[in-house]
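Asks: Dropping a structure here in structure tokens format, bear with me for questions.
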Amino acid sequence: MPGLIRCANQEDIDLSFTSLAASPASDGAARAAHSKATSDLILAAILNSLDDDKAEEVMQIDLRGRSEMADWMVIASGRSSRQVGAISEKLADRLKAELGVVCKVEGKETGDWVLIDAGDVIVHVFRPEVREFYQLEKMWQPTGAAAGSSR
């Protein structure tokens, strides 16, 4: 069933979940296109969920070609430990319900820094003070970049 996904660049993309699942896996180019669409679909769902839950200072970092661990990293803040935990829990629940993506979640108990591993997309949700201390954005930004790709 097709659905419209609002992507970070504010374009609507019509993605059919059945067409993604049914794409031919025998052709290498098709498999690469399927993988890219899947990571972009997961990214769009994550950004929508973070927006719905009022996450602050959401930043996405393109890791394609820079790291084998994931295609995208998303960094966001919540105003309190309680909000950080709620954002993370709802995100994992939505990804499982909407896309069938089962996430690994670490750090939800303390709510200072929660890591959500959604496969092709890694999400970090911080309390503002903890985010400022670790400054992950600076570690992953290209050399000389003043600001990352934010939403």
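Asks: Is segment 106-117 home to any residue that is small (G, A, S) and either part of a strand (DSSP E or B) or exposed (fewer than 14 other Cβ atoms within 10 Å of the Cβ) (or both)?
Replies: no
Asks: If you don't mind, there's one more thing I want to ask. So, in segment 35-68, of the ones that are surrounded by 16 or more Cβ atoms within 10 Å (Cβ to Cβ) and of a type in the set (S, T, Y), which residue ends up modelled with the lowest pLDDT?
Replies: Per the stated criteria, the residue is T38.
Asks: Restricting the search to segment 62-81, which residues are closer than 15 Å to L115 by Cα and in contact with a Gly (Cβ under 9 Å, 6 or more places away or on another chain)?
Replies: Of everything in segment 62-81, those that are closer than 15 Å to L115 by Cα and in contact with a Gly (Cβ under 9 Å, 6 or more places away or on another chain) turn out to be A70, I75, G78, S81.
Asks: Can you tell me how many residues within segment 69-99 are closer than 16 Å to L43 by Cβ, surrounded by fewer than 13 Cβ atoms within 10 Å (Cβ to Cβ) and without any contact (Cβ under 8 Å) to a residue 40 or more places away in the chain?
Replies: So the count comes out to 0.
The values are calculated or read from the model by the stated rules, or taken from the named source; none is laboratory data. Only a predicted model underlies this, so the values are computations on that prediction, with no experimental measurement involved. Cβ atoms come from the backbone with ideal geometry, glycine included; neighbour counts cover every protein chain shown.
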